[in-house]
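The values are calculated or read from the model by the stated rules, or taken from the named source; none is laboratory data. The structure displayed is predicted, hence computed values, not measured ones. Cβ sites come from the backbone with ideal geometry, for glycine too, and all protein chains shown count toward neighbours. Accessible surface is based on the protein model in full, side chains and every heavy atom, while ligands, DNA and RNA are left aside. Shrake-Rupley method; radii C 1.70, N 1.55, O 1.52, S 1.80 Å.
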Amino acid sequence: GAVVSQHPSWVICKSGTSVKIECRSLDFQATTMFWYRQFPKQSLMLMATSNEGSKATYEQGVEKDKFLINHASLTLSTLTVTSAHPEDSSFYICSGLAGEVRTDTQYFGPGTRLTVL
Amino acid sequence: AQKITQTQPGMFVQEKEAVTLDCTYDTSDPSYGLFWYKQPSSGEMIFLIYQGSYDQQNATEGRYSLNFQKARKSANLVISASQLGDSAMYFCAMWEPSGTYKYIFGTGTRLKVLA
């Protein structure tokens, strides 16, 4: 299967700082990338969808100014959590899609565990 | 609206035995696909198997197979010869209909394989 990496795998930061998470598709070009958030013992919650070279589409209730997404190339998308607060502590996971939405498979990164003190 | 239902929050299975994880779905689209993912405690989501609505045969991938019953709208995952490493959360997912282009996930089933 296709491989997606995420960096860092975990990060601890102070409240008020910004954190950048990278998502890379290693062996395919991801036309679309998705960013999810997962709380303990819950399913994944989609935050936003990004297509290379265009602005991300955010889900309702997700603050676009707080969660900045940049999909600069077909292999890299970044999520920046700006002015992080303890309530932003969560598991963030990205996925990449090589082909068409609605038919092809999303391949997920290993996730990033963010802890805001 | 489309939705995915996984009714088993937790399951136990003895090592080397087979186990079935249930997934039912609701959609009005004639064309759709169903995905199963495994999420071990490390957190990564591992793609296991895919079933398309027009596929003539049930999907199989190694020890994983799908019991796809279209009329009943169910796509149950069967894991044969369970191993200790199969202990994980398992999610069923499908694409939402046109216009939204996102996965819908079920609530997941936590599988524990007993030695």
Any chance B:R63 is charged (D, E, K, R) and either crowded, with 20+ Cβ neighbours inside 10 Å or within 30 Å of A:S5 (Cβ to Cβ) (or both): yes
Residue match in segment A:1-19 (condition: open to solvent by 60 Å² or more (accessible area, probe 1.4 Å) and at pLDDT below 95): yes
Single unsatisfied condition, B:F105 versus (1) aromatic (F, W, Y); (2) open to solvent by less than 10 Å² (accessible area, probe 1.4 Å); (3) closer than 18 Å to A:L97 by Cβ; (4) touching a Ser or Thr at 6+ places or on another chain (Cβ under 6 Å): (2)
Sole residue being among the hydroxyl-bearing types (S, T, Y), within 12 Å of the chain's Cα centre (by Cα) and within 27 Å of A:S9 (Cα to Cα), chosen from B:Y103, B:Y90, B:Y25: B:Y90
Any strands (runs of 3 or more DSSP E) falling wholly within segment B:21-115 and containing at least 2 residues that are hydrophobic (A, V, I, L, M, F, W, C), at the interface with chain A (Cβ under 10 Å from one of its Cβ atoms) and in contact with a strand residue (DSSP E or B) (Cβ under 9 Å, 6 or more places away or on another chain): B:46-52, B:88-95, B:103-105
Residue in segment B:74-94 that is nearest to A:P40 (Cα to Cα), counting only those that are of a type outside the set (G, A, S) and open to solvent by 10 Å² or more (accessible area, probe 1.4 Å): B:M89
